[in-house]
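Have a look at the structure below, then the notes.
Rule-based calculations on the coordinates, nothing more; no lab input. No experiment lies behind these values; they were computed from the predicted model shown. FYI the Cβ positions are ideal-geometry reconstructions off the backbone, even for glycines, and counts take in every protein chain you see.
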Amino acid sequence: MKVPEIQLEIGKLVKQMREINDLAKKEVRSFTTDESTRYSALEADLDKREAELKEEQKRSADATARDARLAALEEHLSTAPAPVVRPTPGSHRAAPADADALRSEDPYRRLLAGLPKHLHTDEYRDAFSMALAGDYDGANKRADTLQVGLLTKGGYLQPSVEFLAEILKNVDNDVFVRRYARKFPLLKAESLGVPRLDTDIDDADWTSELLTGSQGDFTFGKRELRPHPMAKSVKVSKKLPQVSVIPIDQFVRERLQYKFGITDEKGFLTGTGVQQPLGVFTASANGISTSRDVSTDNTATEITADGLHEAKGAMKAGYWPQARWAFHRNAITKIRKLKDGQGQYLWVPGLNGGTPSMILDLPYDISEYVPNTFTTGLYVGALCAWPYYWIVDALDMTVQFVDQLYAATNQDGYIARREVDGMPVLEEAFVRVKLA
């Protein structure tokens, strides 16, 4: 589905949700059971459509890069020599075909040349189909002539290349702070010092021609960012890259990069500042003090429309062009139902290409790592002018491949490292949404 079509679907869903909510409000009652069920279904569909919209926009932007990469891979496959097959005791692998013949075939079929012969037989396909359908007795009978490695039965459980071309996994969580924060590379020094104006001079005095007015004094302080190391290691069987139909090395490196990004995000949002970044949801005199907490008009368990207006009003208007809300998806679900005193929804869906969804005329980001426990006195969101959150990188992520350290267990290792720090450097550019 294309972007305009998805945006049209989002508009229809929002209209239906508003009709249900307006009817209940007009009749001064809660949702009926049917209304609640329908509203929840519409909301789930809306979340799905918004995710589709984001994915489609990303897919469109990356199309050129993907096409170029696929073209390069196909060119490589069409000119590369035939794969070398190293037989193992008891294995039944197909002998490599003639290299010229392989190059003349579809490049993707060449990948099958080094796989066990039984993957190309009717016996395998029948047994594999039976296993998927739950008929294990029939599959075992059909598998009498099959074997994989040294196992004399159960060969039907090893699927073909087409079946394992992708890995089934949960959706990756979105990370966004690095996208908006200000980033500094630290090349030689151990830390980055940030001068801070703690006390400004008073306003100028109205006086006479010959007088100088009262004396004003500045007070300066300093913020210091010192990158902290983090690391992760992964061990992979030496055999796995040889038999896997996905590029294991690339997969491991991509997952390490993603997991380091998650650790970054948690630090930037909820980090304690002790051997890790100082997060915006951590009250600290070194970052954002409790003076930037706003709970006015919120209840002990809910965010209110007036409470969000209070939070926005607590930030100077000069920061608004750079400000973005940060909420957990549970908070967004609650906010979508809120209206202001004129009956206008606080949440405005982005229906035009390039226009984000808005809350009180400001865009928002959804993170799984924003606090979302709706209990008395806890944080449930924030309004952040992210350019005033600074990130320092002393060591870009490096991945070291180790092929000897785990030789005794027939494994290779990947050791990833990185050094990062981050903190809010100007607290008035942030407001935390707090429950009463």
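Given 0.36 nm per residue, what is the gain on full extension from Gln242 to Gln16 after removing their alpha carbon distance, in nm?
Here the segment from Gln242 to Gln16 would lengthen by 76.0 nm.
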Using only the Cα atoms of region 278-436, what semi-axes does the equivalent ellipsoid have when each is the square root of 5 times a gyration tensor eigenvalue? Give whole Å, largest first. 37, 19, 17
Among 308-314, 275-281, how do they line up from the highest to the lowest mean number of other beta-carbon atoms within 10 Å? 275-281, 308-314
Please identify which residues in region 408-436 have an amide N closer than 19 Å to a label point set 7 Å out from the Cα of Thr272, following the Cα→Cβ vector. 420-424
How far is the Cα center of region 315-390 from the Cα center of region 417-436, in Å? 16 Å
Just grab the label-to-label distance for Thr409 and Ser284, each label 7 Å out from Cα along the Cβ direction, in nm (one decimal). 3.5 nm
Taking a point 7 angstrom from the Cα of Ser36 along the C-beta vector, which residues in region 330-351 have backbone N less than 17 Å away? 334, 337
Where the centre of each part is set by its Cα atoms, how far does region 223-274 sit from region 4-55, in angstrom? 38 Å
If packing is taken as the average count of other Cβ atoms within 10 Å, what order do 337-348, 368-379 fall into, highest mean first? 368-379, 337-348
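For each pair in Lys15/Lys183; Lys259/Lys316; Lys54/Lys259; Lys15/Lys54; Lys26/Lys312, compute the distance between the two Cα atoms and list the pairs where it is over 31 Å.
Values: Lys15/Lys183 41 Å; Lys259/Lys316 35 Å; Lys54/Lys259 21 Å; Lys15/Lys54 20 Å; Lys26/Lys312 28 Å.
The answer is Lys15/Lys183; Lys259/Lys316.
Once you list every other residue whose beta carbon is under 12 Å from the beta carbon of Ser214, what net charge do they have if Lys and Arg are +1 and Asp and Glu are -1? It would help to have the intermediate numbers written out before the result.
On the way: positive: none; negative: Asp202, Asp203, Asp205, Asp217.
Taking every other residue near Ser214 into account, the sum is -4.
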Which FRET efficiency, nearest 0.05, do Phe401 and Arg329 yield, Cβ-Cβ r, R0 45 Å? 0.75
